[in-house]
Amino acid sequence: MPHDYTQLDNQYPGVIALMPALFTSHQFILRLAQQNQALYIDALAAYRCGPAPFRTLHARLPERLHSFGHLVRHRGTIPSDDIFGHRSECAQWEKL
């Protein structure tokens, strides 16, 4: 059964408000997890039986930012370190 993101989605506007004018998906995920630890853990636990729970969840969380087009705009991709310190490409966002 897919995870219900409703409660996490409700947190997005507040987290977006805390972000700098330009931010990466990696920065957003970290702030979302810091500000909403229990909800983040619940979402992560939904993927615990898969081969890569963090990667799966971390792919889905920034995708959901597209639903907040009145608050942010996708600016392309840039190199960034994920929460484990691994360098990869991720989306950059601009607050509106």
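What residue, among those in the range 58-85 that are small (Gly, Ala, Ser) and in a helix (DSSP H, G or I), is nearest to Leu18 (Cα to Cα)?
Of the residues in the range 58-85, the ones small (Gly, Ala, Ser) are 59, 67, 69, 76, 80, 85.
In the following step, the residues that additionally are in a helix (DSSP H, G or I) were identified as 59, 67.
Details: Ala59: 21, Ser67: 18 Å.
Among them, the one singled out is Ser67.
In the range 6-29, what residues are touching a residue at least 24 places away in the same chain (Cβ under 8 Å), in a helix (DSSP H, G or I) and under 15 Å from Glu63 (Cα atoms)?
Selection gives Leu8, Asp9, Gln11, Tyr12, Pro13, Ile16, Ser25, His26, Gln27, Phe28, Ile29.
In contact with a strand residue (DSSP E or B) (Cβ under 7 Å, 6 or more places away or on another chain) and modelled with pLDDT of 95 or more: is that true of Leu44 in this structure? Show your work before the answer.
On the way: in contact with a strand residue (DSSP E or B) (Cβ under 7 Å, 6 or more places away or on another chain): no; modelled with pLDDT of 95 or more: yes.
No: the conditions fail for Leu44.
Testing Arg55 on (1) modelled with pLDDT of 95 or more; (2) among the charged types (D, E, K, R); (3) part of a helix (DSSP H, G or I), one condition comes back false. Which one is that?
Condition not satisfied by Arg55: (1).
Going by the conditions given, is Ser67 in contact (Cβ under 8 Å) with a residue 12 or more places away in the chain and either loosely packed, with under 14 Cβ neighbours inside 10 Å or under 15 Å from Leu8 (Cβ atoms) (or both)? Don't jump to the end; show me each part of the working.
On the way: in contact (Cβ under 8 Å) with a residue 12 or more places away in the chain: yes; either loosely packed, with under 14 Cβ neighbours inside 10 Å or under 15 Å from Leu8 (Cβ atoms) (or both): yes.
Criteria met by Ser67.
If a residue has to be under 23 Å from Phe54 (Cα atoms) and either among the polar types (S, T, N, Q) or out of contact with any Cys (no Cβ under 6 Å at 6 or more places or on another chain) (or both) to count, how many in the range 19-30 make the cut? It would help to see each step written out before you state the result.
Start the filter on the range 19-30 by keeping residues that are under 23 Å from Phe54 (Cα atoms), which leaves 19, 23-30.
Retained after the next criterion (residues that are either among the polar types (S, T, N, Q) or out of contact with any Cys (no Cβ under 6 Å at 6 or more places or on another chain) (or both)): 19, 23-25, 27-30.
The qualifying residues number 8.
For the range 63-80, give me each residue that is of a type in the set (Ser, Thr, Tyr) and in contact with a helix residue (DSSP H, G or I) (Cβ under 6 Å, 6 or more places away or on another chain).
Quick first cut of the range 63-80, residues of a type in the set (Ser, Thr, Tyr) only: 67, 77, 80.
Ser80, the sole residue that qualifies.
Of the numbered conditions (1) surrounded by fewer than 16 Cβ atoms within 10 Å (Cβ to Cβ); (2) within 19 Å of Pro79 (Cβ to Cβ), Phe28 satisfies every one except a single condition; which is it?
All conditions are met except number (1).
Among what's in the range 62-96 and is more than 13 Å from the chain's Cα centre (by Cα) and among the charged types (D, E, K, R), pick the residue that is nearest to Leu44 (Cα to Cα).
Asp81
When you look at Arg60, is it surrounded by 14 or more Cβ atoms within 10 Å (Cβ to Cβ), within 20 Å of Gln11 (Cβ to Cβ) and free of Cβ contacts under 8 Å to residues at least 40 places away in the same chain, yes or no? Let's see the steps before the verdict.
Working: surrounded by 14 or more Cβ atoms within 10 Å (Cβ to Cβ): yes; within 20 Å of Gln11 (Cβ to Cβ): yes; free of Cβ contacts under 8 Å to residues at least 40 places away in the same chain: no.
In short, no.
The values are calculated or read from the model by the stated rules, or taken from the named source; none is laboratory data. Values in this document were obtained by computation on a predicted structure and should not be read as measured data. Reconstructed Cβ throughout: ideal geometry from the backbone, glycine too, with neighbour counts over all protein chains shown.
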